[in-house]
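Take a look at the structure set out below.
The values are calculated or read from the model by the stated rules, or taken from the named source; none is laboratory data. Bear in mind the structure is a predicted one, so any value in this text is a computation, not a measurement. Neighbour counts are summed over all protein chains in view; Cβ atoms, including those assigned to glycine, are modelled from backbone coordinates with ideal geometry.
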Amino acid sequence: MKPGKLFLLLILFNIAFMSTEALSQKVDSLSFRLYSRLSFHTFEKRAEMLLHVPQNHIYNNLSVVLKINNDTLGFWKGVPGKKILRIPADLNLQPADYIIIADIGIRGWITKYVAFSELIILDYKSNEVKTDRLTGGLIVNRKPFFPFGFYCYSPVHHTLPEEEAVRGFNMMSPYQRILPSTFIQRKAYMDRCAQLGMKVNFNLLSVSGGGGVGSKIEGLTDDEKKTLLLNEIKAFRDHPALLAWYIADEPNGYGLPPDSLRTVYNLFGKMTRGTLSRLGSLCLLCRQGSLLMHLIL
């Protein structure tokens, strides 16, 4: 079952099994929105949930209880005074995908408010990349990370990473074609970037089907491209220099049917928990093993 459908099913399941007392009230599950601040969690003992408060309730007296099934993870009470509430939640949970529920009461209001969010807990990976939905930033090596990088051509000159690292760059993205004959070149610059603490937005355009300048490989079938794509993912998904997978871009990516990229996107969801998948120069799609968060740059 697709993650989106599973998430909806779990929400409907929770609503269906609310107590009869709760169901005697009017239940509003649309006014408030709930998100986990981080795209996923690994080593953290506490999470922070972001509750988006509608304008007409910003100055009401609220009580919020965060629950998974019947277990309470966090509680908040007071007058928000702002649109986003940051509510801490304890994470004494095993790696899995959870649905966290916010039960929201408003003093003087009969309506019962609820909000739902996915809470993802994964096993820790040293090269994991998380997104912070409050700041729009990234978390790399357990610290905030702001990518400041450049494009370059292949083959990458062996001294290029250190030449640019001293100028303040912390990320690079070489244009490249994914062919077995040039694998050693890609491995060389990835290893050197790891030594320098530089990250790589890894270009897979030639085999992911998402266009991009100079990315075409003539004479390969779709199955052959898929094999090359899978081999490249397996080779570099745990590499310490990997920041993001670069899978689509302009100008050659226009006119592609969305389902063709969705297939590649879902493939990353199965194989690459903890890294990002980047579409053009607009957004990063992330999660650790199901790679699904959106970050606008």
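A few notes on this one:
- Any hit, segment 112-130, residues being out of contact with any Ser or Thr (no Cβ under 8 Å at 6 or more places or on another chain) and closer than 20 Å to Phe236 by Cβ: yes
- Taken over segment 49-63, the criterion of being more than 26 Å from the chain's Cα centre (by Cα) and of a type in the set (A, V, I, L, M, F, W, C) is satisfied by Ile58, Leu62.
- Taking first residues from segment 254-277 that are over 23 Å from Lys199 (Cα atoms) and partners that are modelled with pLDDT under 65, the Cβ contacts under 8 Å between residues at least 6 apart in sequence or on separate chains come to Leu261/Leu279.
- Across segment 141-168, the number of residues qualifying as among the aromatic types (Phe, Trp, Tyr) and part of a loop (DSSP other than H, G, I, E, B) comes to 3.
- Some residue of segment 119-127 being in contact with a His (Cβ under 6 Å, 6 or more places away or on another chain) and under 16 Å from His41 (Cα atoms): yes
- Residue ID - farthest from Arg37 (Cα to Cα), chosen from residues in segment 66-119 that are among the hydrophobic types (A, V, I, L, M, F, W, C) and surrounded by fewer than 12 Cβ atoms within 10 Å (Cβ to Cβ): Ile110
- Hits in segment 185-227 (condition: surrounded by fewer than 21 Cβ atoms within 10 Å (Cβ to Cβ) and closer than 21 Å to Leu243 by Cβ): Gln185, Lys187, Ala188, Asp191, Arg192, Ala194, Gln195, Leu196, Gly197, Asn201, Val213
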